[in-house]
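Please read the structure below before turning to the comments.
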Amino acid sequence: MITGKILKIRGWPEGRVIGHAKAAAGRLESEGREREAILDRLDQVLNNPDAYAEDAIFDATALELIAIRKREEERAAVPVLHPAPLPYGVWGAEQIDAGAIAQMNAAMRLPSRACALFSSRRPARPAPSSSARGCRRSLTCSQARSKGST
């Protein structure tokens with residue numbers, strides 16, 4: 001029987017893919033294949049999942065490995081900053097600290113995918129005091145992009 005521990009030792013990533021690999025190994029064991037031959041085949045799938053994406057036994061394993069690889073590539077990609085901050089509304093600029101403006105400018109240079117983390121689909125909360133009332137409304141990244149850079 002091939003265990004998840006054995007697969008991890010052989011370089012398999014943790015997660016759902018281990019279960020898929022164990023299920024495929026179980027099918028091969030039930031067909032009478034030797035353990036080393038199964039492990040060799042699993043190593044081939046691990047090293048070249050694209051070749052096994054349509055395989056009757058290894059398709060789920062290969063597709064999960066491909067998805068893992070894609071997620072890792074996306075995480076590793078270095079985002080490119082906008083050359084200038086996207087436009088955003090400022091109310092009461094004379095009362096806002098220069099450091100806060102600089103921080104917002106830096107945030108508005110982030111790529112749109114990262115910028116989406118700053119926006120919220122929830123409605124803005126009411127301002128806590130009368131001096132902050134002008135801060136109730138802000139632009140989302142998509143609104144700022146549609147207005148264009150000024």
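The values are calculated or read from the model by the stated rules, or taken from the named source; none is laboratory data. Everything numeric in this text was worked out from a predicted model, so none of it was measured. Here Cβ is always computed from backbone atoms with ideal geometry, including for glycine, and neighbour counts include all displayed protein chains.
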* Residue list for segment 16-38, restricted to those being free of Cβ contacts under 8 Å to residues at least 40 places away in the same chain, part of a helix (DSSP H, G or I) and surrounded by fewer than 17 Cβ atoms within 10 Å (Cβ to Cβ) -> 19, 23, 26, 27, 29, 30, 35, 36, 37
* Filter result for the condition that a residue is without any contact (Cβ under 8 Å) to a residue 60 or more places away in the chain, surrounded by 14 or more Cβ atoms within 10 Å (Cβ to Cβ) and aliphatic (A, V, I, L, M), over 46, 86 -> 46
* To do: Report, by residue number, each residue of segment 54-76 that is surrounded by 10 or more Cβ atoms within 10 Å (Cβ to Cβ) and either among the polar types (S, T, N, Q) or assigned to a loop (DSSP other than H, G, I, E, B) (or both).
  => 54, 55, 57, 58, 61
* To do: Filter segment 1-15 down to the residues that are assigned to a loop (DSSP other than H, G, I, E, B) and more than 16 Å from residue 40 (Cβ to Cβ), then identify the one that is modelled with the lowest pLDDT.
  => 1
